[in-house]
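**Q** My questions all concern the structure below.
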Amino acid sequence: MSKRIQVVLNEDIRKLGKNGDLVEVAPGYARNYLYPQGKAVPVTPGILKQVEHRRAKEQERIQELKRQADAQKTALQTIGRFVIKKQVGEEEAIFGTVTNGDVAEAILAATKQEIDRRDITVPDIHKLGFYKVQVKLHPEVSAEIEIQVAAL
């Protein structure tokens, strides 16, 4: 079996690694494909320092995003309840249903914070009342907010 060499990737390569990863590849693969295409560089002490510096910056960025999500969660829970107005028919049944877009609009109106509607999980709502809704703010941070569906 031939000797393998270490390279640092300059871009994401499927089934090999992500940008900045240190990977081992066959010498021919590196020499004939990765280096000429600019997809990788050989490992040197200077390159290793750059990789470590990039990783540290990425960790700081991820921690900052998590802190922002925690602050957003606190703001949402401080408000407590969001009101969504819907048209009502007989026996307090609403026309249509409450969607995650409706909840996102209610949050935007109340807090001026835009939340992606795809990160909101709404139960099936067909009547007036109070309901719990899950809002995912970050992969590690989610908030549970209460919505009130009221008559228009």
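Quick note: the coordinates plus some simple rules give every number you see, no bench work behind them. Just so you know, these numbers come straight off a predicted model, no measurement behind them. We place every Cβ from the backbone using ideal geometry, glycine too, and count neighbours over all the protein chains shown.
**Q** Taking the Cβ of residue 147 as the centre, find all other residues whose Cβ is under 10 Å away and add up their charges (Lys, Arg: +1; Asp, Glu: -1). Walk me through the numbers on the way to the answer.
**A** Values: positive: 81, 132; negative: 102, 146.
Overall, the nearby charge balance is 0.
**Q** Using the alpha-carbon atoms, what tilt in degrees (0 to 90, nearest 10) does helix 45-79 show relative to the longest principal axis of the chain?
**A** Helix 45-79 sits roughly 0 degrees off the main axis of the chain.
**Q** Tilt of helix 100-111 relative to the longest C-alpha principal axis of the chain, in degrees (0 to 90, nearest 10)?
**A** Rounded to the nearest ten degrees, it is 80.
**Q** Run the paramagnetic zone check for residue 88: 7 angstrom along Cα to Cβ, then residues of the range 134-152 with backbone nitrogen under 19 Å.
**A** So the set is 147-152.
**Q** Could you check which residue among 100, 19, 32 shows the biggest mean-square fluctuation in a GNM of the chain with a 10 Å Cα cutoff?
**A** Result: 32 has the largest fluctuation of those listed.
**Q** Mind checking the full-extension length gain between residue 67 and residue 41? Use 0.36 nm per residue of separation minus the Cα-Cα distance, one decimal, nm. Let's see the in-between values first.
**A** On the way: separation 26, 0.36 × 26 = 9.36 nm, distance 3.44 nm.
Taking residue 67 through residue 41 to full extension adds about 5.9 nm, to one decimal.
**Q** Could you list the chymotrypsin sites (Phe, Trp or Tyr not before Pro) in the range 19-104 that lie in coil according to DSSP, counting only those with at most 11 other Cβ atoms within 10 Å of their Cβ?
**A** 95
**Q** Can I ask one more? What aspartates and glutamates could a cross-link reach from residue 73, if we take a straight Cα to Cα line under 12 Å and drop same-chain neighbours fewer than 8 places away?
**A** 140, 144
**Q** If I model a spin label at residue 132 and residue 108 as a point 7 Å from the Cα along the Cα→Cβ vector, what separation in nanometres do I get?
**A** Result for the modelled spin labels: 2.7 nm.
**Q** Got the relative contact order for the chain handy, in percent, Cα pairs under 8 Å and 6 or more residues apart?
**A** Working: 221 pairs, mean separation 28.9, N = 152.
The normalised contact order for the chain reaches 19 percent.
**Q** Helix-only estimate, please: 222 nm mean residue ellipticity of the chain, summing -39500 (n - 2.57) across DSSP H runs of length 4 or more and dividing by its residues, to the nearest 500. Intermediate results must be reported in sequence, preceding the final value.
**A** Numbers: 2 runs with 47 residues, N = 152.
That calculation yields -11000 deg cm²/dmol at 222 nm.
**Q** Return a whole-number percent for the relative contact order of the range 71-151, with Cα pairs under 8 Å and 6 or more residues apart as the contact set. Intermediate results must be reported in sequence, preceding the final value.
**A** Working: 140 pairs, mean separation 29.7, N = 81.
So the answer I get is 37 percent.
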